[in-house]
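Enquirer: The structure that follows is given in the form of structure tokens.
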């Protein structure tokens, strides 16, 4: 039996009802908005990958990670089978800046109308249910 599945992470950071998004500079979904995140490396936990990827893409140091959910629908990533562990976190957004494979990093109030990559609209919607009012 052969298994072939990538493990990824996504991070949701709210500022009121707005959310931190990056503009992807690489395929797939090049130019589209997405949550910060990426692949989990062999020697790290999902939590550590979320912290690393968010810092690489946004310059933000995140804290207080809370599990939003696991997203595993086949076809969610056109590159191949991937399962994402999504976290809700907090950060000081004053240090927000694009880095790594992000062409831009922003706090987007209009995320509901934006064309988001992958299944990130669903992840944000699910994270909203966990967000303190």
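The values are calculated or read from the model by the stated rules, or taken from the named source; none is laboratory data. Model, not experiment: these values are computed from the prediction. Methodologically, a virtual Cβ is constructed for each residue, glycine included, from the backbone with ideal geometry; neighbour enumeration extends over all protein chains shown.
Enquirer: Here is a list of conditions, (1) under 24 Å from residue 129 (Cβ atoms); (2) touching a residue at least 24 places away in the same chain (Cβ under 8 Å); (3) not in a strand (DSSP E or B), and residue 61 meets all of them except one; can you say which number that is?
Expert: Evaluating residue 61 over (1) under 24 Å from residue 129 (Cβ atoms); (2) touching a residue at least 24 places away in the same chain (Cβ under 8 Å); (3) not in a strand (DSSP E or B) leaves (1) as the failure.
Enquirer: Among the residues of region 101-130 satisfying the criterion of being surrounded by 14 or more Cβ atoms within 10 Å (Cβ to Cβ) and in a strand (DSSP E or B), which is modelled with the lowest pLDDT?
Expert: My answer is 102.
Enquirer: In addition: Could you tell me whether residue 47 is surrounded by 13 or more Cβ atoms within 10 Å (Cβ to Cβ) and under 23 Å from residue 4 (Cβ atoms)?
Expert: So residue 47 fails the test.
Enquirer: Only one of these is more than 18 Å from residue 95 (Cβ to Cβ) and either surrounded by 18 or more Cβ atoms within 10 Å (Cβ to Cβ) or touching a residue at least 40 places away in the same chain (Cβ under 8 Å) (or both): 28, 74. Name it.
Expert: 28
Enquirer: Out of the residues in region 78-100 meeting the condition of being surrounded by 16 or more Cβ atoms within 10 Å (Cβ to Cβ) and in a loop (DSSP other than H, G, I, E, B), tell me which one is modelled with the lowest pLDDT.
Expert: Among residues in region 78-100 that are surrounded by 16 or more Cβ atoms within 10 Å (Cβ to Cβ) and in a loop (DSSP other than H, G, I, E, B), the one modelled with the lowest pLDDT is 100.
Enquirer: Applying the selection to region 1-17, what residues are under 24 Å from residue 92 (Cα atoms) and within 14 Å of the chain's Cα centre (by Cα)?
Expert: Result: 8, 9, 10, 11, 12, 13, 14.
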